[in-house]
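The values are calculated or read from the model by the stated rules, or taken from the named source; none is laboratory data. Values in this document were obtained by computation on a predicted structure and should not be read as measured data. Neighbour counts are summed over all protein chains in view; Cβ atoms, including those assigned to glycine, are modelled from backbone coordinates with ideal geometry.
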Amino acid sequence: MNKDKDSMFKIILLLMLTLNSWAANFVQGEGRFYSTSDDSLSFIKAQVTHNGFLDVISKEFTNMGLNKEVFWKKYNDKFKASFEPVEKALSEKYNIEQKPTPAQRQKYNEVLRIKKLKAKRKFGSLARIIQSFVVKRYTRSQQDPNARYMKLEATVNRNLLRTIYYDYIRGKRSSAYGSLFLGIKYNLKNTDYSDLGVAKVDDFTETVNNSWLAWFNKNKPDNIANIEILSEDKQNRLNDYFKLPYEKMISDIPDVFINSLYMKVEITIEKVVANQNLKEYKYNFSGGGYVLDLQANNILMSMNFNNEQKKYNKIKYEDLSTILANHVHRIPIVGFQKLKNKIKTIPPINSIQRVSLFDFSNMNDVDLFLQTIKGRGIKYSLDARLESIGTNRAELVVFMDGELSDLKTLLKGMQSAKNGPKFDFIDTDNILGVKFINSQSAEI
């Protein structure tokens, strides 16, 4: 009898451990789907389950510190491109480009909807990420029977999810960027926030910050998937990332900063006069900023805001903070507009390399080499900058839309060219570079 009790206890204990393990690893997801009267029950359930899976995947991206906004934008863009031939064929079949009859238009919309939903459900085979799942609730709205809802719990294959994530995110880099992170700093001179008419700092800063977020969300380019104010945690991770050598930045960039930009904005508010009795106030405004390609630590654009002095008469003290916030909001808008246009023309970069220069005679040799490699590397969107220089050695950092092998081929082509700098090509395990020969450049 005791043996039976021991066996039963072990079974119960094993069951509890199994349930605890499941509870610790599952992710809750919600799926919603609006059906039509023609949809079959199996189609509806498959669709609402799929949407639940997508919600689970999004939540797991967040849990893993991955950039879900960038992933879904790239995923949706690729699906759209893959589905275009199907949509075009249906359009031709139902005479959509000409003058379709109402019946043709209705049939086209019905067929297109079903085909697109089925194709999207299969695209990328995302369901394989879900190892197992349990449906906790599956209902339809009493107010609208076509509205379906499912709550489920699922376990996720994180290794596969990460692999799929990078397949989409780390593809060949184009000028598309994932997120725009805003780092905003306010400097107050001869005043403080209570002096500006606000009880708490956030009452002023969050008002302005949110107004800028709203502007970017309304005016952002298509290749920006997400815009956010940089949190303290992400700022710390960014500071650690900036300590890396240039050539490690692309390979070691934190997941959340892949294909992204960082914009630093700094605003100074200086009180000149503040007389509540006379209701007169005078403030100086100044500031600036810059935009950084995070993968290359490369400044793409700088902004210098014009110094302004604003005088306000007959202003009620309780209205002061609103008036100042409205003006601060407007200060960088011209720069923001330039950034929007700049992002569209940013050259692509997918690798950073280092090139060493030896035995140059003077700066003319270095400058000539820089101009030559930039000119010959235009097909790789190549840019090069001088990082350091000594008596007989200089270090260049090369940014390009190409691999190390492409850079070596480029250097060999420069070496054999009739015009341009003359040098021997160096390619060892530790050094990629050139050694100048027969330099005729004049000393500066």
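Tabulated data for the structure shown
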| item | result |
| --- | --- |
| So F436, is it over 32 Å from the mean Cα position of the chain (by Cα) and surrounded by 12 or more Cβ atoms within 10 Å (Cβ to Cβ) | yes |
| So D406, is it without any contact (Cβ under 8 Å) to a residue 60 or more places away in the chain, touching a helix residue (DSSP H, G or I) at 6+ places or on another chain (Cβ under 9 Å) and among the acidic types (D, E) | yes |
| Residue that is of a type outside the set (V, I, T), assigned by TED's automatic domain parsing to the domain that holds L126 and crowded, with 16+ Cβ neighbours inside 10 Å, where the choices are N67, N63 | N67 |
| Criterion violated by D77 - all others in (1) out of contact with any Lys or Arg (no Cβ under 8 Å at 6 or more places or on another chain); (2) surrounded by 17 or more Cβ atoms within 10 Å (Cβ to Cβ); (3) under 30 Å from I224 (Cβ atoms) satisfied | (2) |
| Failed criterion for L404 (all others in (1) of a type outside the set (S, T, Y); (2) over 16 Å from I431 (Cβ atoms); (3) within 28 Å of the chain's Cα centre (by Cα) hold) | (2) |
| Total residues in region 401-428, condition under 28 Å from Q295 (Cβ atoms) and either at pLDDT below 85 or outside the structural domain of F358 (by TED's automatic domain parsing) (or both) | 3 |
| Residue, farthest from S416 (Cα to Cα), within region 352-399, restricted to residues that are in a strand (DSSP E or B) and among the small types (G, A, S) | S388 |
| Residue match in region 66-73 (condition: among the aromatic types (F, W, Y), more than 26 Å from D38 (Cα to Cα) and touching a residue at least 40 places away in the same chain (Cβ under 8 Å)) | yes |
| Identity of the residue in region 120-171, of a type in the set (F, W, Y) and touching a Ser or Thr at 6+ places or on another chain (Cβ under 8 Å), that ends up nearest to D255 (Cα to Cα) | F123 |
| Test for M263: is it touching a residue at least 60 places away in the same chain (Cβ under 8 Å), outside any strand (DSSP E or B) and out of contact with any Phe, Trp or Tyr (no Cβ under 6 Å at 6 or more places or on another chain) | no |
| Of the criteria (1) within 23 Å of F216 (Cα to Cα); (2) of a type in the set (S, T, Y); (3) modelled with pLDDT under 90, which one Y246 fails | (1) |
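For (1) modelled with pLDDT of 85 or more; (2) aliphatic (A, V, I, L, M); (3) farther than 23 Å from V334 by Cα, each residue gets a yes or a no:
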position: G183; (1), (2), (3): yes, no, no
position: V201; (1), (2), (3): yes, yes, yes
position: I227; (1), (2), (3): yes, yes, no
position: D240; (1), (2), (3): yes, no, yes
